[in-house]
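Q: First the structure, which I've put down as C-alpha cells, then a few questions once you've had a look.
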Amino acid sequence: MSFSPTPVGPPGSRGVQEQREKWERKRTRTVRALVQTEQKYCKQLQLVNTYFVEILKAKGTLRQDIRESIFSSIPSVYSVNQTLLVRLENGDLGRGFDDFCPHLHHYVTYVDNIQNANKVLALQVKKNKAFRRFKKLQESRPEFLNCKLEDLLPLPIQRIQQYKHFLRDLSENTSPDYPEFQPLSRSVKLISEVSQRIQDNARSHDNHLQLRRVQRLLKGRKTRVVAPGRWYLREGWLRTVPPKGAEVKPKMFFLFSDVLLQAKPCHPLHPTNGDKFAGQRVYPLKDCTVDKVFGHTQSQGGLLSLTFPKAKLLLMSSDQEDINDWYYSLSSAVGQLLSVVSTDSCCLWSLQTDVVCGLYRQLLSVVSTDSCCLWSLQTVVACGLYSQL
C-alpha cells in the first residue's frame, strides 16, 4: 500500500486562506441581504410614489405645497434607488454606490423635512375629509399589506441607517486589492455623514419637545424656556438652604445648557395652574462656579454650592446618587460653556490679527519707500497689535 503525502504549503498559508474564505462567506451573505432588502424597499417606495404622490397630483386632492410638504423628495429618491437596484442585482456594488452617493442630497432634503411631513400629514388626516377617505382607500389595497402611510414615510431614513451597516460590513470583508474596495470605502464615509445628520436632527427634535414640555409646565409666559441653541439637560427636586438659617424649602430645578431655572409648585387647588410651576429665578451658568460642600464620601446626601456674579445658591439632597448626578451635570454644563467662550475668543483674536496684518500689507504697498514714513507705519501697526493682547 503506497502513501502519497499531502503537499504542504508555506507556514501560515492555510490560516490566511481560511480567513479569506471566511471573509468571502460573510461578504456573500451581506450582498444577498442587501439586494433582497433593496428589492423590498423599492417596492415600498413605488407604493408611496404611485398610489399617493402621482394620484394625488392627478386628482388635486391636496394643494401642491401641502403634497410636497408631506412627500418631499420621495419621487427623486425612488428614481435614484431604481437605478441602484439594477446595479446591485447585476453584482456591480462599487459602481452602483459610486453613482448613488452623488444623489444623497435627495435623502438630505427628505431627512430635514421628515418632522414637518409628520406634522402636516397628521393635520390633513384630522381636518381634510377628502384626503382622509382617499388615504384609507389606498391603504386598504392588498399591495400595502396592512401598512399605513405613517409606516412608509420613515423608510428612507431607516434605509440610510441600513446602508451604513451593510457597506461597513462589505468594506470590512472586502480585500483592499479588490476594485470595489475603494468605492465602497468612499460610500461608507458619505452615507455615514447623512446617518449622522439623521441622528442630529432626531436629537434636536427631541430636545425641542423637552423645551416645549417644560414651557407648558410653567405658569404664564414670563419665563421663556424655548430659545435658540438651548439644550435640556435634566430636572428634579432639590432643597434650597437660605443664607440666614430660615426653613429649608424644596424647589423644582430645570437645568439647561446655559441656565438653571428655579421654580416652585403652584397651589394645588388653583383652578387652572394646580399642576404647574411658577418660575422664580433664572441663573445664567456662564460665570457660575460649582463646588461640592459635602457628599464626597458615601454619606447620606450632600450639599452643592453654586456661586454666580450676583448670587449664591446652596442646594441640598438626602440622596447621595442624586446630588452626585446634579454635581456632574452642573459641572459639565459650566465647563462646556467655558470651552465655547474660550474657542470664540481665540477665533476673534485670530480674525483681528488677520485684519490688522491685511491692512498693514495694503498700506505698505502704497506707502512711499521713505524710511521715516515706513518706520511710522510699522510703529502704528505694532501698537495696534499690542492693544489687542
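Bear in mind that the values in this text are calculations on the coordinates, not laboratory data. Fair warning: this is a prediction, and the values are worked out from it, not measured in the lab. Backbone-built Cβ (ideal geometry, glycine too); neighbour counts: all protein chains shown.
Q: Among Phe97, Asn128, Asn113, whose Cα lies farthest out toward the positive end of the dipole of region 1-131, if unit charges sit on the beta carbon of Lys, Arg (+1) and Asp, Glu (-1)?
A: Asn128
Q: Now, a different point. Which lysines, if any, have their Cα less than 20 Å from the Cα of Lys148, not counting same-chain residues under 8 positions apart?
A: Lys40, Lys43, Lys57, Lys119, Lys126, Lys127, Lys129, Lys135, Lys136
Q: Once you have a ≥ b ≥ c as the square roots of the Cα gyration tensor eigenvalues for region 143-301, tell me rounded if a/c is under 1.5, and otherwise prolate or oblate according to whether a/b is larger than b/c.
A: Prolate, because a/c is 1.5 or more and a/b exceeds b/c.
Q: Between Lys310 and Leu137, what is the label-to-label distance in nm when each label sits 7 Å out along the Cα-to-Cβ direction?
A: Reported label-point gap for Lys310 and Leu137 is 6.5 nm.
Q: Per 0.36 nm of contour for each residue apart, how much would the distance between Ala58 and Ala202 grow if the chain were fully extended, relative to their Cα-Cα spacing?
A: Computed gain between Ala58 and Ala202 is 48.5 nm.
Q: Pop the C-beta distance of Ser332 and Lys249 into the FRET formula with R0 = 25 Å and round what comes out to the nearest 0.05.
A: It comes out at approximately 0.40.
Q: If amide H atoms are built 1.01 Å from N in the plane of the peptide, which residues on other chains or at least 5 residues away come under 5 Å of the amide H of Phe294?
A: Hits under the 5 Å cutoff: Leu303.
Q: What full-extension length gain, to one decimal in nm, is calculated for Val35 and His267 as 0.36 nm per residue of separation minus the Cα-Cα distance?
A: Once the chain is fully extended between Val35 and His267, it gains 77.4 nm.
Q: Can I ask one more? Decide, for region 122-214, between rounded, prolate and oblate: order the square roots of the alpha carbon gyration tensor eigenvalues as a ≥ b ≥ c, take rounded if a/c falls under 1.5, and otherwise choose prolate if a/b is larger than b/c, else oblate. Provide the component values of the computation, followed by the final result.
A: Values: a/c = 4.41, a/b = 1.69, b/c = 2.62.
The shape class here is oblate.
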